[in-house]
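The values are calculated or read from the model by the stated rules, or taken from the named source; none is laboratory data. The structure displayed is predicted, hence computed values, not measured ones. Cβ sites come from the backbone with ideal geometry, for glycine too, and all protein chains shown count toward neighbours.
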Ligand SMILES: C[S@@+](CC[C@H](N)C(=O)[O-])C[C@H]1O[C@@H](n2cnc3c(N)ncnc32)[C@H](O)[C@@H]1O
């Protein structure tokens, strides 16, 4: 509980510090940490949490210079980091920010550290120019990614890595996919314009918004006229392009974005699998909102004996679990929680899934392998290894989308099973 009013900056700083403390203790933002925040404060808390985590390497560097010894109190440290983020990105009313951070510190168990919070933030403001100039001394601070992550990007993309890093540190764009079963894109674009939301057509059925908006401001969202989906993710359905009436498997389906897109484009006999029953529920809810239907089952797609009836599929989508290194701006906590060894663990799980799913593709059928990663071990190298194991597989199309201001990072490889 807190004595600060929910609409105050102090309250938002306090909540953001608590969430970031949970993240650094190992919890994921995807576990709904923000959903528990008072709705009045949620947009401000979200900005503080996501923004400060995107820039954690930088904040950590500043604290290293400002503190004489490491802080043992995680919530106080997290509070300093969110306050520094706010001071850097909204330099107006800096002294109000410091005062509000000190009030927030008073709500923590370590309330006696209020003078330290006050002193560190005032020192930050006094030394800000010199501290900012010193960022170049430390790549993790300057580029705001772990050192092993930077090394992997530099090795794989000698020319593009600075742009990948810059995209990963920026706030993400927001795009919609129009449910072509329920309305035309141009009509929906006009509805958006009437609601004061500017958007540009992108891809087959997408609309890129000039500025992100809360979903409840989107006309007809609850009635299934649109879904939020990155333009990079919207490529999957057209790459797999299953024929109407064909038997399709979406093997890693939750929350169902690509499942829904496939069904919006054509009538299909589609089975959607996901490992977790709670995530299958999200597929069910999404399809219901959009007026679509599929068979949905909780299962490990790699354990064929638990779900497969031996009828082969014409088309399989394998949107496999991955490091999500291409969408790190949407999950900035992952950047700091991941370990380099995770890449090999994901790659091993992905090859297990690929080998199993290949058995359910009919001869002449297709499998689209997809990740939202930029690490080659999960992408092109994974497919090279697969092709070496599977002489009946042919690589029809492969593309690595690097994250930009317009879309997230994705990898796609369309494979055909030779008859
Ligand atoms: C990248 S997400 C899928 C996103 C989804 N295709 C979409 O467009 O909305 C990967 C999903 O794979 C699921 N998953 C992980 N391992 C799995 C397995 N062995 N079998 C089935 N699903 C799995 C995860 O629970 C997660 O929901």
Can you spot a residue in region 13-36 that is at pLDDT 95 or above, crowded, with 17+ Cβ neighbours inside 10 Å and farther than 27 Å from residue 324 by Cα? yes
Of the residues 272, 237, 254, 233, which single one is without any contact (Cβ under 8 Å) to a residue 40 or more places away in the chain, surrounded by 22 or more Cβ atoms within 10 Å (Cβ to Cβ) and in a loop (DSSP other than H, G, I, E, B)? 254
Residue set 115, 91, 70; condition in a helix (DSSP H, G or I) and without any contact (Cβ under 8 Å) to a residue 24 or more places away in the chain; output residue 115
Since residue 374 meets every condition but one in (1) in contact with a helix residue (DSSP H, G or I) (Cβ under 6 Å, 6 or more places away or on another chain); (2) part of a strand (DSSP E or B), which condition does it not meet? (2)
Check whether at least one residue in region 289-303 is without any contact (Cβ under 8 Å) to a residue 60 or more places away in the chain, more than 9 Å from the ligand (Cβ to nearest atom) and in a helix (DSSP H, G or I), and report yes or no. no
For region 330-340, which residues satisfy the criterion of being in contact with a helix residue (DSSP H, G or I) (Cβ under 7 Å, 6 or more places away or on another chain), away from the ligand (no atom under 12 Å from the Cβ) and assigned to a loop (DSSP other than H, G, I, E, B)? 340
Filter region 309-329 down to the residues that are within 12 Å of the ligand (Cβ to nearest atom) and assigned to a loop (DSSP other than H, G, I, E, B), then identify the one that is surrounded by the fewest Cβ atoms within 10 Å (Cβ to Cβ). 321
With respect to residue 10, is the statement that it is in contact (Cβ under 8 Å) with a residue 60 or more places away in the chain and surrounded by 22 or more Cβ atoms within 10 Å (Cβ to Cβ) true? yes
Check region 209-227 and report whether any residue there is in a strand (DSSP E or B) and farther than 30 Å from residue 301 by Cα. yes
Failed condition for residue 4, given (1) surrounded by 15 or more Cβ atoms within 10 Å (Cβ to Cβ); (2) part of a helix (DSSP H, G or I), with all others met? (2)
If I ask for residues that are touching a strand residue (DSSP E or B) at 6+ places or on another chain (Cβ under 8 Å) and closer than 24 Å to residue 405 by Cβ, which ones from region 210-227 would you list? 210, 215, 218, 226, 227
Residue set 207, 271, 240; condition more than 10 Å from the ligand (Cβ to nearest atom), within 17 Å of residue 180 (Cα to Cα) and touching a strand residue (DSSP E or B) at 6+ places or on another chain (Cβ under 8 Å); output residue 207
